[in-house]
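Chemist: Quick one: structure below, then a few questions.
The values are calculated or read from the model by the stated rules, or taken from the named source; none is laboratory data. Everything quoted here is computed from the prediction, not taken from an experiment. Please note: Cβ atoms are built from the backbone with ideal geometry, for glycine as well, and neighbour counts cover all protein chains shown. Note: areas computed on protein heavy atoms with side chains; ligands, DNA, RNA excluded. Shrake-Rupley method; radii C 1.70, N 1.55, O 1.52, S 1.80 Å.
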Amino acid sequence: MEKPIIIFGAKGIAHPALEIFNSHEVVVYGFLDDDATLHQKEINNISILGNLEDDGFLKLIGQKCDAFVAVDDPKYRETLVKLLNTRRKVQPVNAIHRLSYISTDAGIGHGNFINAKVTIGAGAEIGNHCILHTNATIEHQAKLEDFVQVGAGAIINSNVTIEKGAFIGSGVTIVAGVTIGKNARVGAGSVVIADVASKQTVFGNPAQAIEK
């Protein structure tokens with residue numbers, strides 16, 4: 001990456017994303033966030049410039065700047081990605097911590113946040129716009145589709161498939177070969193030994209469905 005970065009969002013993973021770009025000596029131009037109370041404030045000396053859909057800053061994307069979407073909520077994250085895709089014809093860049101390990105045989109898409117000490121094994125596939133928190137382990141041949149979030153210290157074993165938009169809490173263990181369905185949620189500390197259906201929420205050891 002040679003262009004400066006504009007970070008979309010100024011909360012959640014925005015600060016650690018800034019740290020990652022700084023460690024790679026990539027200039028961060030500024031943050032955009034819809035919370036007006038944050039405007040003109042700074043994160044580690046980098047200004048929060050204005051709203052997420054401010055045309056004055058959006059027009060810089062693709063020409064003078066690249067973009068990174070630092071929004072935790074997967075639906076809003078997807079909305080911002082579509083905004084960048086349609087109005088600026090660009091994909092957000094990856095933010096990959098220097099202390100992560102990614103196998104040379106792994107596949108990584110666009111716009112992912114990969115924090116310190118994340119391990120991604122041989123033949124693993126990470127889609128687009130995923131969030132992998134500190135010390136998460138993605139074993140060999142595991143597959144994460146787009147907009148998946150994996151909490152700190154979670155272990156995704158070999159040949160696991162996690163479908164689009166699923167949320168995996170901190171400290172979760174998913175045993176080999178399991179499929180986690182689209183937009184499913186796995187509560188923190190759970191041990192998942194069987195497939196989880198789309199939109200289902202599970203919790204516990206072994207993980208059980210929670211009735212809504």
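Chemist: Using a Cα-Cα cut-off of under 24 Å, which lysines could be cross-linked to LYS59, ignoring same-chain neighbours fewer than 8 residues away?
Modeler: Straight-distance partners of LYS59: LYS3, LYS11, LYS41, LYS75, LYS82, LYS89.
Chemist: Can you bin segment 152-212 into rounded, prolate or oblate? Criterion: square roots of the alpha carbon gyration tensor eigenvalues sorted a ≥ b ≥ c, rounded for a/c under 1.5, prolate for a/b above b/c, oblate for the rest.
Modeler: Since a/c stays below 1.5, the shape of segment 152-212 is classed as rounded.
Chemist: To the nearest 20 debye, what charge dipole does the chain have about its Cα centre, counting +1 at the Cβ of each Lys and Arg and -1 at the Cβ of each Asp and Glu?
Modeler: About 220 debye.
Chemist: In segment 20-60, carbon and sulfur make up what percent of the accessible area (probe 1.4 Å)?
Modeler: Here carbon and sulfur together make up 45 percent of the probe-accessible area.
Chemist: What is the helix-to-structure angle for 14-23, meaning the angle in degrees between its Cα long axis and the longest Cα principal axis of the chain, kept from 0 to 90 and rounded to the nearest 10?
Modeler: Taking Cα atoms only, the helix is inclined about 80 degrees.
Chemist: List the trypsin sites (Lys or Arg not before Pro) within segment 89-169 that DSSP assigns to loop and that have no more than 13 neighbouring Cβ atoms inside 10 Å.
Modeler: Answer by residue number: LYS89, ARG98.
Chemist: Any chance you could count the Lys pairs in segment 113-212 whose alpha carbons are under 16 Å apart, treating pairs 8 or more apart or on different chains as valid?
Modeler: Final tally of qualifying lysine pairs is 6.
Chemist: Would you work out the relative contact order for segment 1-145, in percent, from Cα pairs under 8 angstrom that are 6 or more residues apart?
Modeler: In percent, rounded to a whole number, it is 18.
Chemist: Here's something else I'd like to know. Please work out how much length the chain gains when fully extended from ALA188 to SER158, using 0.36 nm per residue of separation minus the C-alpha to C-alpha distance, in nm with one decimal.
Modeler: Answer, rounded to one decimal: 8.8 nm.
Chemist: Quick one: 3J(HN,Hα) in Hz for segment 200-207, Karplus 6.51/-1.76/1.60 with θ = phi - 60°, rounded, Gly and Pro as x.
Modeler: Result, rounded to whole Hz: 7, 10, 10, 7, x, 9, x, 5.
Chemist: Further question: With everything on Cα atoms, drop me the angle between helix 74-83 and the longest principal axis of the chain, reported from 0 to 90° to the nearest 10.
Modeler: Roughly 40 degrees between the two axes.
Chemist: List the residues whose amide H sits under 5 Å from the amide H of GLU125, counting only those 5 or more places along or on another chain, with H placed 1.01 Å from N in the peptide plane.
Modeler: Hits under the 5 Å cutoff: GLY107, ALA142, LYS143, LEU144.
Chemist: Suppose the chain between LYS11 and HIS24 were pulled fully straight at 0.36 nm per residue; how much longer would it get relative to their current alpha carbon spacing?
Modeler: Contour length minus the Cα-Cα distance gives 2.6 nm.
Chemist: Now for a separate question. Based on DSSP, what percent of beta bridges with both residues in the chain are antiparallel, to the nearest 5?
Modeler: Approximately 10 percent, going by the DSSP bridge assignments.
Chemist: Quick one: pull the percent of accessible area on segment 80-212 belonging to carbon and sulfur, 1.4 Å probe, ligands and nucleic acids left out.
Modeler: On segment 80-212, the fraction of accessible area on carbon and sulfur atoms equals 49 percent.
Chemist: Could I ask something else about it? So how strong a dipole does segment 22-89 carry about its Cα centre when Lys and Arg Cβ are +1 and Asp and Glu Cβ are -1, to the nearest 20 debye?
Modeler: 360
Chemist: How big is the accessible area of ILE96 in square angstrom, nearest 10, if you roll a 1.4 angstrom probe over the protein chains?
Modeler: Number for this one is 50 Å².
Chemist: Accessible area per residue for the chain in Å², computed with a 1.4 Å probe and the full protein assembly in place, what is it?
Modeler: Accessible area per residue, the chain: 47 Å².
Chemist: Follow-up. Calculate the dipole size of segment 31-142 relative to its Cα centre from +1 charges on Lys and Arg beta carbons and -1 charges on Asp and Glu beta carbons; express the result in debye to the nearest 20.
Modeler: Dipole about the Cα centre, nearest 20: 300 debye.
Chemist: Which entry is the computed Kirkwood radius over Cα pairs in Å for this structure: (i) 17.9; (ii) 17.4; (iii) 20.7?
Modeler: This structure yields the entry labelled (ii).
Chemist: Given a Förster radius of 22 Å and the C-beta distance between ASP195 and LYS75 as r, what FRET efficiency does 1/(1 + (r/R0)^6) yield to the nearest 0.05?
Modeler: 0.40
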